[in-house]
Amino acid sequence: MMRFILLLFFCITGVANVNGSTPAEVPDTMDDRVKACTICHSAEDKVGRDAYYPRIAGKPQGYLFNQMRNFRDGRRYYPPMAILLENMSDEYLLEIAQYFSSLQLPYPDPEQIQMQPEEIKLAEHLIYSGYPERDIPACSACHGDVLMGVEPAIPGLIGLPRAYITAQLGGWRNGGIMRGGKPDCMSEIAKQLTESEVNAVAKWLANQSVSGKPSSFDVLSSELVDRCSQTILENGGAE
């Protein structure tokens, strides 16, 4: 983590010229301001040595804003993100969210993961039907029919690798993503999933090609809006 902090310091402050007398001039554009972000969150997904850094380009603005505010305010815990965001205002976080949500960059090709027929059947049932008797809604009910998210605050599930999806679902299940406050709806749902269900969903999603755009807010049922109001309404999402 110390290497990350040092690298972040040099990217933000710039370095002196070869004579050591005059700091290098840094252009004041949003593209240049967010270079500290793209050290990890580059144009394409990549795996770091100690953590996975997901693609943030093109994600819904409200979702990005929520996550940055959660890191800044300690609701999500990852020290490098907390250090980077600790002195930023809501207004500036919103500017950053707007910038990244507007980026339309190519997605990586889907992974080629072998799945057994029963795994495919299990994954598709969870994604398109869910298990109401276990209080598990379909993934598509929240993340949209084409699983590309719902504006303004629900992220897409396609275009992400299996390792990241598995890690996120694991974090929701064991409480490692959100800290304090009332239970998050995604945490409540993920805790109902078995290990085999998590693995099947992660494999299936990682195998899919990206197609379509985020859905509009009105596709969400009133029941899901009420259940997930902490994420959708209270943290900067739709009013």
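The values are calculated or read from the model by the stated rules, or taken from the named source; none is laboratory data. From a predicted model like this one, the values you see are computed outputs, not experimental measurements. All Cβ positions, even for glycine, are placed from backbone atoms using ideal geometry, and neighbour counts span all protein chains on display. Accessible surface is based on the protein model in full, side chains and every heavy atom, while ligands, DNA and RNA are left aside. Shrake-Rupley method; radii C 1.70, N 1.55, O 1.52, S 1.80 Å.
Conditions (1) in contact with an Asp or Glu (Cβ under 8 Å, 6 or more places away or on another chain); (2) under 27 Å from ASP218 (Cβ atoms), marked per residue:
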residue	(1), (2)
SER101	no, yes
ASP109	no, no
GLN116	no, no
LEU122	yes, no
HIS125	no, yes
TYR128	no, yes
TYR131	no, yes
GLY149	no, yes
ILE165	no, yes
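Do you know which residues across segment 202-231 are over 13 Å from ALA141 (Cβ atoms) and within 17 Å of the chain's Cα centre (by Cα)?
Within segment 202-231, ALA202, LEU205, ALA206, VAL210, LYS213, PRO214, GLN230, THR231 meet the criteria.
So which helices (runs of 4 or more DSSP H) stay within segment 105-219 end to end and still have 3 or more residues that are open to solvent by 50 Å² or more (accessible area, probe 1.4 Å) and under 21 Å from ILE56 (Cα atoms)?
162-174
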